[in-house]
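This report refers to the structure that appears directly beneath it.
The values are calculated or read from the model by the stated rules, or taken from the named source; none is laboratory data. This is a predicted model, so every value here is computed, not measured. Cβ atoms come from the backbone with ideal geometry, glycine included; neighbour counts cover every protein chain shown. Accessible surface areas use protein heavy atoms only, side chains included; no ligands, DNA or RNA. Shrake-Rupley method; radii C 1.70, N 1.55, O 1.52, S 1.80 Å.
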Amino acid sequence: MIPAAFDYIRATSAEEALAALTEHGDDAKLMAGGQSLIPLMRYRLVTPGVVVDIGNLDGDLRGISVNGDTVRIGALTRHTELEHSAELEATCPLLNHVASLVGDPAVRHRGTLGGSLAHADPASDLPAAVLALGATLVARGPGGEREIAASDFFTGFLESVLAPDEMLTEVRVPVTADGWNYQKFNRRAQDWAIVGVAVCRGGRGVSLVNMGPTPMRASAVEEAVAGGATAAEAAAHAADETDPPNDLNGDADYRSHLARVLTRRALEAAGFA
Amino acid sequence: MAVTDDTTRAGGIGARMLRKEDGKLVTGEAEFVDDIHAPGELWMGMVRSTVAHARIAAIDTSGAASMPGVQSVLTGAQLADMELWVAPLPCAWPVTDDMVNPPHWPVATDMVHHVGELVAVVLAESRFAAADAIEHVIVEYESQPPVATVEQAMADVDHAHLEHSTNKAYTWAIDPDPDGTQAAIAAAAHVVSARFVQQRLIPVAIEPRGVLAVPSPMGGDITLYSTTQVPHVLRVMVAATTGLPEQKLRVIAPAVGGGFGAKLNVNPDEILAVALSHRLGRAVRWTETRSEAAGSTHQGRGQIQHVELASDADGKLTAIRVKIDADMGAYMTLLTPGVPLLGSFLYHGVYDTPKFSFTCEGWFTNRTPTDAYRGAGRPEASYAIERAMDMLAYEVGIGTDEIRRRNYINGGEPFEMWENPAGLSFDSGHYGPTLDRALELADVAGLRAEQQRRRETGAIRQLGIGLCTYVEICGLAPSRALGGLNYGAGGWEHATVRILPTGKVEVVSGSTPHGQGHETSWSQIIATKMGISPDDVTVLHSDTALSPLGLDTYGSRSLSVGGVAIAMAADKVIEKARKIAAHQFEAAPEDVEFVDGSFSVAGTPSKSVHIQELGFAAFTAHDLPDGMEPNLQEQVSFDPPNFAFPFGTHVAVVEIDEDTGGVELIGYYAVDDCGNQVNPLIVEGQIHGGVVQGAAQALYEVAVYDDDANIINPSLMNYLVPSAAEMPSIVTDSTCTPSTTNPLGVKGVGEAGTIGSAAAVINAVVDALRPHGVTDIEMPASPMRVRRTIEQADGGAS
Ligand SMILES: Cc1cc2nc3c(=O)[nH]c(=O)nc-3n(C[C@H](O)[C@H](O)[C@H](O)COP(=O)(O)OP(=O)(O)OC[C@H]3O[C@@H](n4cnc5c(N)ncnc54)[C@H](O)[C@@H]3O)c2cc1C
């Protein structure tokens, strides 16, 4: 529970943070809310030599704005800001709802959207939400900015396409005011989902939490829905092509069962017949 | 004791007074062990075994010893050579003369017997240096086959301690008439035979354990600050284990953030801190981490229970036979072997049975030792009987309330001094009204109708209603009876009460609070006894220099033993004060009345003196009766004549999502009877916490070990302690059947909630699943387990 020794840099701008990443390479880690990084450091599962704290950065990097049919969210926007945002309530209430289910209030006051995505934990809620929404992620690195489709972002357990010297700056989601649902099944209010399912009717997006090594789209369900299947028929495919983990809360069979039950509930609640 | 509305309003016995101690506890003013520092202190870093059973082939400390900030690294063998201790860690309850008790040294020397056992200690200038250094101590183990479960222990193929040819530690029985029990079971109209598993639990107090030992090298004294429930017991045991003179040891338990039994042990870290600080002349400290605690601090429960109930055609019990296989873990710690015995007397619960047989076998495994955890033996007992009674109700075909009514001791009517089949005398009881009230409070009739509706409509969320009527024993006493059980301590408690020169009152408590609110309750007792404000009372405790005599806090004993001692000491002070008042009035003491804090001569109300004024007279001693000693101070060591037997009925209401298996506890109703209540607010608080701890066992908590006896869920991320969000708003009420064991008529309440709730919750879960033909489910009733149970009962897969 005592992290290994590390150096600490508090960045005052994105440029400064990126410069620190370029300078220290693999030895450096960005820290936004610290809600995933610090626990890993305390268990000594990661031992960065340099922690670059971007938690205080503001401006474009933090906050929510709506531009036509796109909602722009700064990567450093806190979960609690998503949860309580009136703009989001009007344009993308799925994110309010999902954010309100992350951890506990203390976690939500520190944890950031960008941190949650960059951490790429298959058990996390917000990655599933951005997958179902068909979001676009914006990353900035030494060579400038690039856009990454959410469905291309997650590559492995706690791994993404982000390079060590890149930083997420922004998330863009299409305005999606209705036809959405999120089912999170867990045992205690502050816990990660044993299985979760996010659905957006408009984009026909369906995604799964904790059903494999990455946050993932439920492609078989999406295809069934696109092919005109009923909610019940489509939900039967929820565990297809998944690789759910076995742990104390659920083995792979139970998770597959949960995925089917929750997918049906989510599809029906999102307005699929 | 009669309680007037006036004294209640004034903060005396019966008042719902807010706790005096809470301000300092919630604002951070109170100091916990980890807040206290001594100049030059060294941090211990604990190198713990990562294998369950092994010979230590080699330990390389060189890398760690040369790290910055490291003072030294000491292996178990080196520590043994230093002769820091004269005896192994104590087991104070060798339940039988032939009990196997392998020596348990603070640090292993050649063999390790559980994951988490100490193999070496780093001494470093900071907690950080210590944490870095333990990673560089390299231990080479030669693994032995571990005994990972009680079943493996019973198979006796591999042995948890190689020098013993059996894993069995002892056999202990209450079996006055085995043939009679057998005959009654053979002749019974109905027999229920059940096997229950009491899973191991990790006690999780909000404050982890820690120690700080501060020597005074010139004077030779050592002060041990410890997160302990038992500073007095600890002082004796540290002296006996280290060989240091007891009078040179001072033990202080500063603010202690909960214990639940896990802080009543004598731990390796406590012995190490004292012995090393004495040897080095430097303060030595340590605070555990959560994951570390899962291996190093004792665990609770850990039993396999076989229960047989026999009844006549109407469900009236004719015999109860119980066999327990109890997991001791790797060593006998302070009370390990005795914990199952604390329940042994109660396996018939609140029911009258002509025949009763109980046998317990203790087994060693290569896991962290078990010991007392909230309820210690009694939650296990009430779970077994209350689950089995529900099964008997199904068998007989009557309601779960009716089966209870038919079997309550004395037909549910009031009784005193009832001889139970295990040889105890129940002080007082009146079980029927707690059931009536609980059924009414929960509106069980309405719930049953709703349950029926949901069953008929095939609702996904089904309802379950569970009952539990429990009885428990607390305030272990008298000392002579404990001696008869081979228990290594007495059952008395000590109290001192003094009126200071300015009239304020100081109470010295031998029982030691760690969250229970002693300062408030003791003040209320004094307020009623002396007719003064509770604000005029200060309670001193938890420091062996301030309170040299005491037996501390566990087993719901503080009020029914310690609180009574305080009331008795107050009476003695009042009697002495009466003599001083009589002397001032030039009257006979018999003629002096004591009302609302004032002494006066009967018939001459104008002559009166308040008891607080007499403090100064006793202090100056200018004019005391001939031969009277100065000062108004009295002490009492109270050794109760018997245990006290609290009881109650709980109703749990659950909703089960049959598709996911998720269980939600949607209602909880507790009607408890702990005799007279000193502070109903504190009573309710104890019930709330206790209920949640039992519900946690029913639905959430289990220490999971793999085949190699490694604990796999040592962190709070996967050891699921429930939070307020998982709990309903608990509804409480009480009945009052005063104890006959003590003059306050009080019984304990610290463990009652836990003793009642696990059975109530599981009874509710099984009740919800009855239409599937389910009759039992193992704890914790996790969603996956519930779903699987439904699938198996329905004979198909999901
Ligand atoms: C008790 C507890 C309960 C939790 N429960 C849940 C839950 O129920 N559901 C859930 O989804 N999550 C849960 N979490 C995790 C939480 O949501 C975290 O906030 C989130 O995963 C990480 O966000 P952060 O800002 O704290 O990231 P940090 O911890 O600061 O960083 C996490 C990782 O992302 C990287 N990173 C951070 N920001 C950026 C960026 N802008 N660009 C590139 N890389 C970046 C860091 O280098 C690090 O590798 C819980 C956490 C805790 C402590």
Return the residues of segment A:39-49 that are open to solvent by less than 70 Å² (accessible area, probe 1.4 Å) and either away from the ligand (no atom under 11 Å from the Cβ) or part of a helix (DSSP H, G or I) (or both); say none if nothing qualifies.
A:Pro39, A:Leu40, A:Met41, A:Arg44, A:Gly49
B:Glu440: passes all of (1) assigned to a helix (DSSP H, G or I); (2) assigned by TED's automatic domain parsing to the domain that holds B:Gly338; (3) in contact (Cβ under 8 Å) with a residue 24 or more places away in the chain but (3)
Please report, ordered by residue number, the strands (runs of 3 or more DSSP E) entirely within segment B:1-96 with at least 3 residues that are open to solvent by 20 Å² or more (accessible area, probe 1.4 Å) and not assigned by TED's automatic domain parsing to the domain that holds B:Val339.
B:54-60, B:70-75
Checked against (1) away from chain B (no Cβ under 14 Å); (2) near the ligand (Cβ under 9 Å from one of its atoms), A:Ser36 satisfies every condition except (1)
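Listed here are the residues, each with its yes/no results for (1) in contact (Cβ under 8 Å) with a residue 40 or more places away in the chain; (2) open to solvent by less than 70 Å² (accessible area, probe 1.4 Å); (3) among the hydroxyl-bearing types (Ser, Thr, Tyr); (4) assigned by TED's automatic domain parsing to the domain that holds B:Lys323.
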residue	(1), (2), (3), (4)
B:Val122	yes, yes, no, no
B:Thr149	yes, yes, yes, no
B:Asp156	no, yes, no, no
B:Ala169	yes, yes, no, no
B:Ala186	no, no, no, no
B:His190	yes, yes, no, no
Scanning for something within 14 Å of chain B (Cβ to nearest Cβ), small (Gly, Ala, Ser) and within 16 Å of the ligand (Cβ to nearest atom), does segment A:207-226 turn up at least one residue?
no
Candidate set: segment A:141-171, residues that are within 23 Å of A:Val50 (Cα to Cα) and open to solvent by less than 20 Å² (accessible area, probe 1.4 Å); chosen: the one farthest from the ligand (Cβ to nearest atom):
A:Gly141
Taking only pairs six or more apart or across chains, which ones have beta-carbon atoms under 9 Å, a first residue in segment A:182-198 that is facing chain B (nearest Cβ under 10 Å) and more than 10 Å from the ligand (Cβ to nearest atom), and a second residue that is among the basic types (Lys, Arg) and part of a loop (DSSP other than H, G, I, E, B)?
A:Ile194/A:Arg187
Identify all residues within segment B:260-304 that are among the β-branched types (Val, Ile, Thr), more than 22 Å from B:His37 (Cα to Cα) and part of a strand (DSSP E or B); write none if there are none.
B:Ile304
Can you name the condition, by its number, that B:Asp708 falls short on among (1) more than 27 Å from B:His113 (Cβ to Cβ); (2) surrounded by fewer than 22 Cβ atoms within 10 Å (Cβ to Cβ)?
(1)
(1) part of a helix (DSSP H, G or I); (2) within 14 Å of chain A (Cβ to nearest Cβ); (3) open to solvent by less than 30 Å² (accessible area, probe 1.4 Å): which one isn't true of B:Gln792, the others all being true?
(3)
Over segment B:379-410, the set of residues assigned to a helix (DSSP H, G or I) and open to solvent by 10 Å² or more (accessible area, probe 1.4 Å) is B:Met391, B:Tyr394, B:Glu395, B:Val396, B:Thr400, B:Asp401, B:Glu402, B:Arg405, B:Arg406, B:Asn410
Search segment A:78-103 for residues that are closer than 16 Å to A:Ala270 by Cα and pair each with any residue that is among the β-branched types (Val, Ile, Thr) and more than 12 Å from the ligand (Cβ to nearest atom) when their beta-carbon atoms are under 6 Å apart and the residues are at least 6 apart or on different chains.
A:Thr91/A:Val66; A:Thr91/A:Val71; A:Thr91/A:Val175; A:Cys92/A:Val71; A:Cys92/A:Val173; A:Cys92/A:Thr176
Going by the structure shown, is B:Val307 in contact with a helix residue (DSSP H, G or I) (Cβ under 6 Å, 6 or more places away or on another chain) and not assigned by TED's automatic domain parsing to the domain that holds B:Cys360?
no
Taking the condition of being among the acidic types (Asp, Glu) and within 12 Å of chain B (Cβ to nearest Cβ), how many residues in segment A:235-257 meet it?
3
Any pair with Cβ under 6 angstrom, 6 or more apart, that starts in segment B:565-590 at a residue that is over 14 Å from B:Ser608 (Cβ atoms) and ends at one that is open to solvent by less than 60 Å² (accessible area, probe 1.4 Å) and among the acidic types (Asp, Glu)
B:Ala565/B:Glu493; B:Ala569/B:Glu634; B:Lys572/B:Glu634; B:Val573/B:Glu634
How many residues are under 25 Å from the mean Cα position of the chain (by Cα) and open to solvent by less than 20 Å² (accessible area, probe 1.4 Å) when one looks only at segment B:105-120?
4
Given the condition charged (D, E, K, R), in a loop (DSSP other than H, G, I, E, B) and in contact (Cβ under 8 Å) with a residue 60 or more places away in the chain, answer yes or no: does some residue in segment B:462-476 qualify?
yes
Pick out the one residue from B:Asp708, B:Asp672, B:Asp657 that is touching a Lys or Arg at 6+ places or on another chain (Cβ under 9 Å) and of a type in the set (D, E, K, R).
B:Asp657
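Residue-wise test of (1) open to solvent by 10 Å² or more (accessible area, probe 1.4 Å); (2) touching a residue at least 12 places away in the same chain (Cβ under 8 Å); (3) assigned to a helix (DSSP H, G or I); (4) touching a Phe, Trp or Tyr at 6+ places or on another chain (Cβ under 7 Å).
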| site | (1), (2), (3), (4) |
| --- | --- |
| B:Gly750 | yes, yes, no, no |
| B:Val761 | no, yes, yes, no |
| B:Arg770 | yes, yes, yes, no |
| B:Val774 | no, yes, no, no |
| B:Arg788 | yes, yes, yes, no |
Selected residue (only one of A:Leu61, A:Leu88, A:Leu30 is surrounded by 21 or more Cβ atoms within 10 Å (Cβ to Cβ) and more than 9 Å from the ligand (Cβ to nearest atom))
A:Leu88
Every residue in segment A:73-84 that is more than 8 Å from the ligand (Cβ to nearest atom) and open to solvent by less than 10 Å² (accessible area, probe 1.4 Å), please.
A:Ile73, A:Gly74, A:Thr77, A:Leu82
Members of segment A:1-33 found to be within 14 Å of chain B (Cβ to nearest Cβ) and either aliphatic (A, V, I, L, M) or under 16 Å from A:Leu162 (Cα atoms) (or both), listed by number:
A:Met1, A:Ile2, A:Ala4, A:Ala5
Taking segment B:637-661 as the region of interest, how many residues are in contact with a Phe, Trp or Tyr (Cβ under 8 Å, 6 or more places away or on another chain) and open to solvent by 10 Å² or more (accessible area, probe 1.4 Å)?
3
